[in-house]
Amino acid sequence: MGFFTGFVGGFAFTSSALYITIQVHRSTRIAQRKAIREQVDQIDWLVSSSGAYDRRNLPTELPRRRREELEAQKLAEPTTKEILKQRWNKEVETLTRKAYETRWQDIRDTAADGWKAAAQILKRD
């Protein structure tokens, strides 16, 4: 192994090890940040619920945990609007699939044959 090959190999190995180390450190920091935010939200929720007897003292903005619970409940009960959207999307998907899978040459040939048959029937009469 020559000097240049050894140098490039060592550089690649060192930079790979550094990159992996930095990515592991970054993902650990992100996980810790998420955990700390969840803990802060829980503590805020515990502290803010002490004013539950006097509704004026409750915070106007819901904490993230409570918002997620409400959104999960909303997702569990589909509204009429969502049902109609789903039906519309299914219909559009079906029509698109039909248009995509259709061979337009066959339709043209069928229409031409039908026109010829209609013309022959009219000529007989």
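The values are calculated or read from the model by the stated rules, or taken from the named source; none is laboratory data. All values reported here derive from a predicted model rather than from experimental measurement. In case anyone asks, the SASA skips ligands and DNA or RNA and just uses the protein heavy atoms, side chains included. Shrake-Rupley method; radii C 1.70, N 1.55, O 1.52, S 1.80 Å.
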If you scan segment 1-30, which residues turn out to be of a type in the set (Phe, Trp, Tyr) and under 32 Å from the mean Cα position of the chain (by Cα)?
-> Tyr19
Segment 64-83, residues that are modelled with pLDDT of 75 or more and more than 20 Å from the chain's Cα centre (by Cα) | Thr80
How many residues does segment 32-63 contain that are at pLDDT 70 or above, of a type in the set (A, V, I, L, M, F, W, C) and either open to solvent by 60 Å² or more (accessible area, probe 1.4 Å) or in a loop (DSSP other than H, G, I, E, B) (or both)?
-> 6
